[in-house]
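Let me begin by presenting the structure, written as structure tokens, before commenting on it.
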Amino acid sequence: MSIKTSPLPLKERLRKELANPVMRTAIANAQDLLNAKRDAAFAELGDFAKWRETAGAIRSHVLENLDFYLSRFAERAAAAGAHVYFAGDAAAATAYGLQILRDKKAAKAVKSKSMVTEEIGLNRLLEEAGLEVVETDLGEYLLQIDDLDKPSHIVVPALHKDRERFREVLAAKKGYTGDSVPENLTRFVRQLIRKDFLEADVGITGCNFAVAETGTVTLVTNEGNGRFVTTAPKIQLVFMGMERLVPTFAELDIIFSVLARSAVGAKLTSYMSLITGPRGPQDADGPEELHIIIVDNGRSRVLASEFREVLRCIRCGTCMLECPAYRHISGHGYGTLYPGPLGLALVPVLAGYEDYGEITKICSLCGACSQVCPVEVPLYEFIFEHRRIIAEEQRLGAGENFLMGLYGAVIGNSKLYGMATRLARFSALAPRAGPLAQWTAARELPAIPKTRFRDWFAARGKKGNLP
Amino acid sequence: MSPRVSFFATCLADTVFPHIAADAVRLLEKLGCRVTFNPRQTCCGQPLANAGFHAEAAAAIRLQLEVLLTDPTDYVVCPSGSCVLQIKEYPKFFKNRPDLQDKARQLGDKTYELTDFIVNVLGRTVPGARLDGRAAYHPSCHLTRLLGVTKPPLALLEQVAGLELVDFKGQDKCCGFGGTFAVKLGALSSAMAVEKVENIRAAGAHYLIGADAGCLMNLQGIIRRKRYPITVLHIAQVLMAD
Amino acid sequence: MITGKELFISRISHGLGRAAPPDTPTRLVYPHQMQRRYQAHAAKRELRDIFIANARAVGIDVRECSERDLAVALVEIVRKTGGPVVLADDPLLTGDVARCLVEAFTECHIWDAGAGREENMALAEKAKVGVARAEMALAESATTLLSCHGGNGRSITLLPENSVIVIRAETILPRLTQAMDWLHQQKTLPASVNFVSGPSSTADIELVRVQGVHGPLELVYIIVE
């Protein structure tokens, strides 16, 4: 996969998702449940405003000193025995990973869920090279065996599927004969993946946050697959986005404290693994070699832009859970690996307006995302600003440019406005095409009265009431 | 001294919902304000700005700035949180014009949404309003989240005789209007509106009340298409009902 | 080894408006210190009660005993789950505890850092129960901190279906903040530190919580005086 997850044009994608009641029910339920859990978790913690202000300040501080902290992290990780590779783009990152696997004559890799490896299209490249790559997060595993279905959420990737679909996929692809009770489905997958864990030559992970002072990389999971991937295989590859750093463990405390609460409404995830270098001389298990691949892939462009602070993001997914548009179309409607408000703020600057400017339309500017973001990314403002740039660069098409220009001319002039609003009552005669059809497909248009407010106000002394 | 109020009607109320604007004016007068309306005003420019067309919105923004600051009044009051938000954001549009930025700030400082003005500036409630039945209140996003006006509409509605306010599922969620969003991605916008309307209906409401005509137009469009027996009212209309 | 750093970092520096990384970072000012206030003045007994309540709330079986009775407590647990057992090579476990377990059950192995990966992992994979000692525990999140190195192999608390983590009562601290302080003070870090805050679980299918995905199905904490 890469950032683009669908070849369909925007309106086709939306049509397809809006016509999927299973997905829409699943996402709506998930939003309601997880948002309630998040609210309860932060209520118990208390001082949400202080936590997010502090977490935001930490992330902002890292970005403003990113060159310093990355250098330090690389030095400390190397001192602990890790190989650190800086990859400017997706091609460099994946090529390095493939080379390691080839050098070690690896046949099978197990992987714990990682957004950045999806972003750089690692799986496809490895599979094309004849290697077997097994996703070990339960949700990701089911997407992978379901003919590479795409994640619909960055934390709970198979949120759009129901248990019946899980059962069908396991039955068709892996010979499962049981029922659709989640526990039974999970046990079956446990057995399958357990074998993969023990057979794999290489473990591939992302990195939730790296600690600059010690060269430590961290993984948070509930399932325990993060621990497995960093325990059983002899070689571990860690892919991390270049901004995913904290200066010291003190900051990791703050970030982890808000991460699990925002993502799943838990105080912490079941497991948090802190990996510092390969296994030590006294260690029997754990990787003999640890490679950390630090990925730019457009991030330095984001850092240099006015949208720098979007790199604060800790990938908790809470903006998606809060978003009323995401609710109806899931991550699939966006057609981008990073969906929802984060996707709208990040992807156009990470990967360009040319291909991704259009997704900024998927927002009613309700502002809910900005209010829940645990690191205070100004999502609302960024989406608003993207739209300004897109319009200014004339990327919206001649029709819209013309209509908006016309509208601007009318409301910019009192006389023109007066004439236009007097004609408005004849709008009922207008053909139901273009924007009007977008409105009337599911909604009635209000009837426009003959008398405008201004007419009433002017005539008030004489007549009194509105006709 | 009775407060002098310059009324900003909004283009939507001026043209499509004149009775909302008229009731807002009567309400302000009932509460002792001297209300003026400058007919040179047009539209705050928000539909353009939200769609990214800042340059195209510039003329309208300058026009409102000039018109609304010309009137020798104490306040500008407007029956829409969304339009008030846009006015309060005017300084952003003049990053390279400190003189206009100052004026924009002046205007922002004296501009209030109707219910916010009544409760927090006048310190008043509205006596004598009566409406019998169950009502769902839609807290519109710009009013609630971005302007932070959460309590005043409820405080005013709680005093309306005969009115029972009901909570409903997803009450604080966006109705899907979003200005041009509603006509650019109409299907998605409608899906959001439909969910909201179904939740309002499930709560057994006779009335849907809001403080923003845009959201109300959107939800009313669904309610009428589905022929649900729910009457849609702006809060100004409710407060003037007897 | 570090590869490709210069060009990569210089791109970032340029993006930040400078030619090279600064010698020192700007000062990080915490606007608030709310994390340090959590149960800052709680007595040990209080922290222990909070820890126990929070652990039980997420489905962890919590037991308390004196150090002398630890062997008895473990035998009781293994009687239910069955063996074999794999123990971390820790003074708390290798004496009496190991002896009693061997007496009661035939198969009880102590992780042998000197032996190879395959041998140790094979024993852990066969074991029904893995027992390790926590460096410390955190009341707020019912977390235990495992330093996984040497005799405390990573696999001990990962491969067996049942995980038993032994906690010394006096090591229960308020929250993650104190654990991070401890890590910060370590001269050298073990290659693997694991925080455990519950049994392995997932909610990937319709958000229904299922306990036991890849890691242990059951988690037991034993607090020893």
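The values are calculated or read from the model by the stated rules, or taken from the named source; none is laboratory data. Keep in mind it's a predicted model, so treat the numbers as computed, not measured. Neighbour counts run over all protein chains shown; Cβ positions are idealised from the backbone, glycine included. We work out accessible area using only protein heavy atoms, side chains counted, and drop any ligands, DNA or RNA first. Shrake-Rupley method; radii C 1.70, N 1.55, O 1.52, S 1.80 Å.
Going by the structure shown, is residue A:18 assigned by TED's automatic domain parsing to the domain that holds residue A:276, of a type in the set (A, V, I, L, M) and open to solvent by less than 10 Å² (accessible area, probe 1.4 Å)? The answer is no for residue A:18.
Number of residues in region B:157-172 that are farther than 21 Å from residue B:116 by Cα, open to solvent by 60 Å² or more (accessible area, probe 1.4 Å) and touching a helix residue (DSSP H, G or I) at 6+ places or on another chain (Cβ under 8 Å) equals 1. Here residue B:33 clears all of (1) within 19 Å of residue B:146 (Cα to Cα); (2) open to solvent by less than 20 Å² (accessible area, probe 1.4 Å); (3) not acidic (Asp, Glu) except the condition numbered (1).
Residue A:38 fulfils the conditions (1) outside any helix (DSSP H, G or I); (2) at pLDDT 95 or above; (3) more than 11 Å from chain C (Cβ to nearest Cβ) except for a single criterion, (1).
How many residues, within region A:384-411, are open to solvent by less than 50 Å² (accessible area, probe 1.4 Å), more than 7 Å from chain B (Cβ to nearest Cβ) and either part of a loop (DSSP other than H, G, I, E, B) or among the β-branched types (Val, Ile, Thr) (or both)? The total comes to 4.
Taking residue C:39 as the residue in question, decide whether it is of a type in the set (S, T, N, Q), within 14 Å of chain A (Cβ to nearest Cβ), touching a Lys or Arg at 6+ places or on another chain (Cβ under 8 Å) and open to solvent by less than 40 Å² (accessible area, probe 1.4 Å). Against the criterion (of a type in the set (S, T, N, Q), within 14 Å of chain A (Cβ to nearest Cβ), touching a Lys or Arg at 6+ places or on another chain (Cβ under 8 Å) and open to solvent by less than 40 Å² (accessible area, probe 1.4 Å)), residue C:39 does not qualify.
Taken over region A:38-66, the criterion of being open to solvent by 10 Å² or more (accessible area, probe 1.4 Å), of a type in the set (Gly, Ala, Ser) and under 19 Å from residue A:243 (Cα atoms) is satisfied by A:57, A:60. For region B:1-11, filtering for residues that are part of a loop (DSSP other than H, G, I, E, B) and open to solvent by less than 20 Å² (accessible area, probe 1.4 Å) leaves 3. Here the helices (runs of 4 or more DSSP H) wholly within region B:12-95 that include at least 2 residues being closer than 25 Å to residue A:388 by Cα and outside the structural domain of residue B:142 (by TED's automatic domain parsing) are B:46-50, B:54-70, B:81-88.
Check whether at least one residue in region C:181-197 is more than 21 Å from residue A:258 (Cα to Cα), surrounded by fewer than 22 Cβ atoms within 10 Å (Cβ to Cβ) and touching a residue at least 12 places away in the same chain (Cβ under 8 Å), and report yes or no. The answer is no, given that none of the residues of region C:181-197 is more than 21 Å from residue A:258 (Cα to Cα), surrounded by fewer than 22 Cβ atoms within 10 Å (Cβ to Cβ) and touching a residue at least 12 places away in the same chain (Cβ under 8 Å). Limited to region C:169-201, what total is found for residues that are closer than 20 Å to residue C:154 by Cα and of a type in the set (D, E, K, R)? Residues in region C:169-201 being closer than 20 Å to residue C:154 by Cα and of a type in the set (D, E, K, R): 0 in total.
Of everything listed in (1) in contact with a Gly (Cβ under 9 Å, 6 or more places away or on another chain); (2) within 10 Å of chain B (Cβ to nearest Cβ); (3) closer than 27 Å to residue B:174 by Cβ, the single unmet condition for residue A:381 is (1).
A quick yes/no check of all residues on (1) more than 25 Å from residue A:322 (Cα to Cα); (2) not in a helix (DSSP H, G or I):
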site	(1), (2)
A:155	no, yes
A:158	no, yes
A:172	yes, no
A:178	yes, yes
A:187	yes, no
A:190	yes, no
A:194	yes, no
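Of the residues that make up region A:57-70, is at least one under 30 Å from residue A:200 (Cβ atoms), part of a helix (DSSP H, G or I) and touching a strand residue (DSSP E or B) at 6+ places or on another chain (Cβ under 6 Å)? No; the residues of region A:57-70 include none that is under 30 Å from residue A:200 (Cβ atoms), part of a helix (DSSP H, G or I) and touching a strand residue (DSSP E or B) at 6+ places or on another chain (Cβ under 6 Å).
Kindly establish whether residue A:134 is surrounded by fewer than 24 Cβ atoms within 10 Å (Cβ to Cβ), under 30 Å from residue C:202 (Cβ atoms) and aliphatic (A, V, I, L, M). So residue A:134 fits the description; yes.
Screening A:450, A:415, A:462 for residues that are in a loop (DSSP other than H, G, I, E, B), modelled with pLDDT of 90 or more and more than 8 Å from chain B (Cβ to nearest Cβ) leaves exactly one candidate, A:450. Residue pairs whose Cβ atoms lie under 9 Å apart, sitting 6 or more positions apart in sequence or on different chains, and linking a residue in region C:84-105 that is hydrophobic (A, V, I, L, M, F, W, C) and at pLDDT below 90 to a partner that is open to solvent by 40 Å² or more (accessible area, probe 1.4 Å) and part of a helix (DSSP H, G or I), are C:100/C:72; C:104/C:79; C:105/C:79. Working only within region B:1-40, note down all residues that are at the interface with another protein chain (Cβ under 9 Å from one of its Cβ atoms) and without any contact (Cβ under 8 Å) to a residue 24 or more places away in the chain. Once the filter is applied, which keeps residues that are at the interface with another protein chain (Cβ under 9 Å from one of its Cβ atoms) and without any contact (Cβ under 8 Å) to a residue 24 or more places away in the chain, region B:1-40 yields B:14, B:15, B:18, B:22, B:25, B:39. Among the residues making up region A:74-109, those that are facing chain C (nearest Cβ under 10 Å) and crowded, with 23+ Cβ neighbours inside 10 Å are A:74, A:77, A:82, A:84, A:85, A:86, A:87.
Selection of region B:109-131 for residues being open to solvent by 20 Å² or more (accessible area, probe 1.4 Å) and either within 14 Å of residue B:151 (Cα to Cα) or touching a His at 6+ places or on another chain (Cβ under 7 Å) (or both) yields B:116, B:119, B:120, B:121, B:123, B:124, B:125.
Considering region A:132-173, and only residues there that are within 11 Å of chain C (Cβ to nearest Cβ) and small (Gly, Ala, Ser), the residue that is farthest from the chain's Cα centre (by Cα) turns out to be A:139. Collect the residues in region C:138-150 that are at pLDDT 95 or above, more than 10 Å from the chain's Cα centre (by Cα) and either more than 9 Å from every other protein chain (Cβ to nearest Cβ) or on the phi < 0 side of the Ramachandran plot (or both), keeping them in residue-number order. Result: C:138, C:139, C:140, C:141. Can you report the number of residues in region C:204-225 which are more than 7 Å from chain A (Cβ to nearest Cβ) and either surrounded by 22 or more Cβ atoms within 10 Å (Cβ to Cβ) or not in a loop (DSSP other than H, G, I, E, B) (or both)? Selection size over region C:204-225: 9.
For region A:250-267, enumerate the residues that are part of a loop (DSSP other than H, G, I, E, B) and either out of contact with any Lys or Arg (no Cβ under 9 Å at 6 or more places or on another chain) or more than 9 Å from chain C (Cβ to nearest Cβ) (or both). Matches in region A:250-267: A:265 only. Listed by first and then second residue, the pairs with beta-carbon distance under 8 Å, at least 6 apart or on different chains, first residue in region A:311-323 and on the phi > 0 side of the Ramachandran plot and not assigned by TED's automatic domain parsing to the domain that holds residue A:253, second modelled with pLDDT of 95 or more and part of a loop (DSSP other than H, G, I, E, B), are A:315/A:208. Screening residue A:183 with (1) in a helix (DSSP H, G or I); (2) within 21 Å of the chain's Cα centre (by Cα) gives one miss only, at (2). Among all residue pairs at least 6 apart or on different chains, which show Cβ distances below 8 Å where the first residue, located in region C:9-25, is open to solvent by 70 Å² or more (accessible area, probe 1.4 Å) and the second is among the hydrophobic types (A, V, I, L, M, F, W, C)? Every condition considered, the pairs that remain are C:14/A:304; C:24/A:68.
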